[in-house]
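First comes the structure, then the notes that go with it.
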C-alpha cells in the first residue's frame, strides 16, 4: 500500500520575514515538493513526508524565487527550479547523515537512525533523480549544464571532506575550498539559475552568481561558529558534533594555528580520535571560546556577506531585492 503525503504539509522556513514578497510563490513550491515526492513505493513517500515535516531554513529555494522575481520572471518555471534546488539539498543531507553516522538533524532522529542506512541512501538517490526529471521539464540546456556541474562539484566536495576527516593538518585554504564545493556552489547555482530563467543579462547573471557564492560561504562559516557557540535545542544538533566526527572546521583550524602548543596538540588528538574527543570535548570548547577562533571565523563570514552585498548593489530596487539584502544579513546575524 502506498503512503500518501497530505496536501496540507507545512513547508515553513525558519526566517518567515523573507517571504513577504514571495508568499504565493513559496506556497506553490511547497505544493510542488509534496506532489513530486509521490512514489508508487510507500517507503519513499513515508521518508519524504518525514523530511518535509522536519522543516529547515529553506534559504536555497527562497534564493531561487527572489533572484527570479528580482529579474522580472514572467512564467512559473522558477517554482519548479526552487523545488529542484531543495530536492538536491535534501538528497545531500540524507547521504551526509549516512557518511557521518549522524543520529540527529533539526532536532529529530535522522532518516538513517529512524529507518536504516540503506533506506537513507536509496531515498536520497530517488530525490536526486526526481530533481533531474524536473530539471528536464524546465527545458533550458544552460540551466541543465549549471546544475549538472554543481551536483558534480558537491559530490567532489563531499569526497574531499571525507578525505579531510581526522586530518588535523588541513589548511585554511583547503577548508575554504571544501566550503565552496560542498555548500556555496548550490547557493550560487540557485541564484544564478533563478536570474537566468528570468532572462537576465550576462552581467546580471554573473552578479547573482556572486551573490549566491558569497552568501553560501558566509552561511557555512557561521554554521561553524554555531557548532561551538550555538544553542543545541535551537540548532537541532549537539554542540561539538563536527569535532567528534573528526571534521577540522575553521574555528579549530584557527585555534590550532594561533593557540598555545599544548592546546593545539589537544585539538589535534581530538580530531584524530573520537573517544579521546568525547572525554576532552568540554576542554576544547573552552579553548575555542577562550581564544579568538570564533571571532576570526565570524570575521571571515562577514567578509563573505559584504562581498554578497557588494554584488547586490547593482540589482534594481524592489521588494525582492530588499528581501535578498535581508537574507544576506540574516546569514551572519542568526543563532541557529
Quick one: the Cα spread of segment 211-336 along its three principal axes, in angstroms, biggest first? 53, 29, 21
Given segment 297-336, what whole percent of its Cα pairs are spread farther than 12 Å? 58 percent
In Å³ per residue, the alpha-carbon convex hull of segment 147-218 encloses 71 Å³
In nm, to one decimal, how far is the residue 257 label point from the residue 278 one, both placed 7 Å along Cα→Cβ? 3.2 nm
In a Gaussian network model over the chain where Cα atoms closer than 10 Å are linked, find which of 301, 198, 274 has the largest mean-square fluctuation. 274
Along each of its three principal axes, how wide is the spread of alpha-carbon positions in segment 24-115, in whole angstrom units, largest first? 43, 28, 18
Fewest-first sequence of 151, 103, 110 by Cβ atoms within 10 Å of each Cβ: 103, 151, 110
Packing-based exposure ordering (other Cβ within 10 Å, fewest first) of 306, 282: 282, 306
For the chain, take the longest principal axis of its alpha carbons; what is the angle in degrees between that and the long axis of helix 202-229, to the nearest 10 within 0 to 90? 40 degrees
Rounded to the nearest 10 degrees, the helix 77-100 long axis (Cα) sits at an angle to the longest Cα principal axis of the chain of 30 degrees
Looking at the square roots a ≥ b ≥ c of the eigenvalues of the Cα gyration tensor of segment 91-206, which shape do they give, rounded for a/c under 1.5, prolate if a/b is larger than b/c, or oblate? oblate
Of the convex hull drawn through the C-alpha atoms of the chain, the volume per residue in Å³ is 120 Å³
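Give me 299, 166 ranked fewest to most by other Cβ atoms within 10 Å of their Cβ, as a rough exposure proxy.
The most exposed by this proxy come first: 299, 166.
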Quick one: compute the contact order of segment 187-318, relative version, from alpha carbon pairs under 8 angstrom and 6+ residues apart, as a percent. 32 percent
Mean Cβ neighbour count within 10 Å, used as a protection proxy, ranking 247-254, 190-197 highest first: 190-197, 247-254
Which residue fluctuates the most in the chain, going by a Gaussian network model with Cα springs under 10 Å, if the choices are 242, 181, 223? 242
Suppose only helical runs count, i.e. DSSP H with n ≥ 4. What mean residue ellipticity at 222 nm does that imply for the chain under -39500 (n - 2.57) per run, divided by all residues and rounded to the nearest 500 deg cm²/dmol? -23000 deg cm²/dmol
What full-extension length gain, to one decimal in nm, is calculated for residue 299 and residue 24 as 0.36 nm per residue of separation minus the Cα-Cα distance? 95.4 nm
What number, in nm² with one decimal, is the all-direction average of the projected area of the convex hull of the alpha-carbon atoms of segment 79-150? 5.0 nm²
Taking Cα atoms, how many degrees apart are the long axis of helix 185-197 and the longest axis of the chain, rounded to 10 and kept between 0 and 90? 20 degrees
Using a 7 Å offset from the Cα along the Cα-to-Cβ direction at both residue 171 and residue 132, what is the distance between the two label points in nm, to one decimal? 3.4 nm
Label model pair residue 145, residue 116: point-to-point distance (7 angstrom along the Cα→beta-carbon line) in nm is 4.4 nm
Relative contact order, percent, of segment 20-330 when contacts are C-alpha pairs under 8 Å separated by at least 6 residues? 20 percent
Per its Cα gyration tensor (rounded if a/c is under 1.5, else prolate when a/b beats b/c, else oblate), segment 33-174 is best filed as oblate
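Since every read-out is calculated from the coordinates, none of them should be taken as a lab result. Here the structure is a predicted model, which means the values were calculated and not measured. Cβ coordinates were reconstructed from backbone atoms using ideal geometry, including for glycine residues, and neighbour counts include every protein chain displayed.
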